[in-house]
Amino acid sequence: MAAKQTYKSSLSIPSQTERLNDVREFVSGLARVHGFAEDDINKIAIAVDEACTNIIKHGYNFAPDKKIDVEIVRRGNDFEIVISDKGKQFDASAIQTPDMKDYLEHYRRGGLGVYLMKRIMDKVEFNLLSDRNVLRMTKTLN
Amino acid sequence: MSDFKVTIRSRDNNIHVLELKGYLDAHTTPALEDSFQKMLNEKKYRLIVNCKELSYISSAGLGVFMAFIEDVRANDGDIKMSDMSPKVFNIFDLLGFPMLYDIVPAEEEAAKKFDMTK
């Protein structure tokens, strides 16, 4: 039997970096209500920020009039964040995990968003649908 | 909108302190880039970034430090960081930044480390 869905909430923002704070406040507020500790709340906010920043930069190439949909679904102890956009298709398999020692030694820049998302969330899944990209990230309440 | 501010002040021994306040994300990074660029233009290379009032940092913010460290060190300087909250330090630490940067608990300690090098 599928886990019982207990909660759902959503927010849409235009594809503008000045709206990142709104998304962070939205997810942080809900994460707090659902009982996460401050450290996890910060991590959830960062993961969502990284995802939206990537969409604004790479998916929409900074076009300010596109849309990003963020949905929060609580299933049992899982706090799931689903982020959808209709920008350029994002092929997550093309993203390589950086070797941080090499990265730092060679003063590289950028490309840490997906890595960070994977480090701080319990599950990160990218799906390419015919008309949109869907990113699903999960943090489980202990 | 995210709130972020950089305040620059000078200390003895040609050390300059960048005090960060607020939220450092993809929207606010230009303010920090401009401040580092100003330091470089003025040939100020002994820099302490005081993070006491830095509430938040994303990878866009971390990227700014990566963009300037090489130039600063090429001129015998350094970017040292101090006074980070555990929340902010945690993100630097997750990505291994303490391998590359001096991150110390207090600004005085960062200043002493510079004193030892000159």
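The values are calculated or read from the model by the stated rules, or taken from the named source; none is laboratory data. Nothing here was measured: the structure is a model prediction, and the numbers come from that model. Counting neighbours? That spans all protein chains shown, and the Cβs are built from the backbone with ideal geometry, glycine included.
Data overview
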| quantity | calculated |
| --- | --- |
| Any hit, region B:24-31, residues being over 19 Å from B:D3 (Cα atoms) and either within 14 Å of chain A (Cβ to nearest Cβ) or not aromatic (F, W, Y) (or both) | no |
| Residues (farther than 18 Å from B:K113 by Cα and at the interface with chain A (Cβ under 7 Å from one of its Cβ atoms)) located in region B:54-69 | B:S58, B:S59, B:A60, B:L62, B:G63, B:M66, B:A67 |
| Selection from region B:1-52 of residues that are polar (S, T, N, Q) and under 15 Å from B:D71 (Cβ atoms) | B:S35, B:Q37, B:N41 |
| Residues that are in a strand (DSSP E or B) and farther than 22 Å from B:N75 by Cβ, drawn from region B:1-18 | B:F4, B:K5, B:T7 |
| Tabulated pairs, region A:57-82, first β-branched (V, I, T) and at pLDDT below 95, second surrounded by fewer than 18 Cβ atoms within 10 Å (Cβ to Cβ) and in a strand (DSSP E or B), C-beta under 8 angstrom, 6+ apart or interchain | none |
| Positions within region B:20-34 being surrounded by fewer than 20 Cβ atoms within 10 Å (Cβ to Cβ) and in contact with a Ser or Thr (Cβ under 9 Å, 6 or more places away or on another chain), in sequence order | B:K21, B:G22 |
| Region B:1-13, residues that are more than 14 Å from every other protein chain (Cβ to nearest Cβ) and either over 16 Å from the mean Cα position of the chain (by Cα) or acidic (D, E) (or both) | B:D12, B:N13 |
| Output for region B:36-57, where each listed residue is outside any strand (DSSP E or B) and crowded, with 22+ Cβ neighbours inside 10 Å | B:F36 |
| Any hit, region B:69-81, residues being farther than 22 Å from A:L104 by Cα and surrounded by 15 or more Cβ atoms within 10 Å (Cβ to Cβ) | no |
| Candidates B:V72, B:V104, filtered to the one that is within 11 Å of chain A (Cβ to nearest Cβ) and farther than 25 Å from A:D22 by Cβ | B:V72 |
| Criterion violated by A:M100 - all others in (1) of a type outside the set (S, T, N, Q); (2) farther than 20 Å from B:H27 by Cβ; (3) under 13 Å from the mean Cα position of the chain (by Cα) satisfied | (3) |
| Subset of region A:41-66 (residues that are over 14 Å from the mean Cα position of the chain (by Cα) and crowded, with 19+ Cβ neighbours inside 10 Å) | A:Y60 |
| Matching residues in region B:82-118 - criterion: being of a type in the set (A, V, I, L, M) and either part of a helix (DSSP H, G or I) or surrounded by 17 or more Cβ atoms within 10 Å (Cβ to Cβ) (or both) | B:M84, B:V88, B:I91, B:L94, B:L95, B:M99, B:L100, B:I103, B:V104, B:A110, B:A111, B:M116 |
| Test: residue in region B:25-34 that is part of a loop (DSSP other than H, G, I, E, B) and on the phi > 0 side of the Ramachandran plot | no |
| Helices (runs of 4 or more DSSP H) fully within region A:29-142 counting 2 or more residues that are within 12 Å of chain B (Cβ to nearest Cβ), within 23 Å of B:I57 (Cβ to Cβ) and of a type in the set (S, T, N, Q) | A:38-54 |
| Subset of region B:60-81 [within 10 Å of the chain's Cα centre (by Cα) and either assigned to a strand (DSSP E or B) or of a type in the set (A, V, I, L, M) (or both)] | B:L62, B:V64, B:I69, B:D78, B:I79, B:K80, B:M81 |
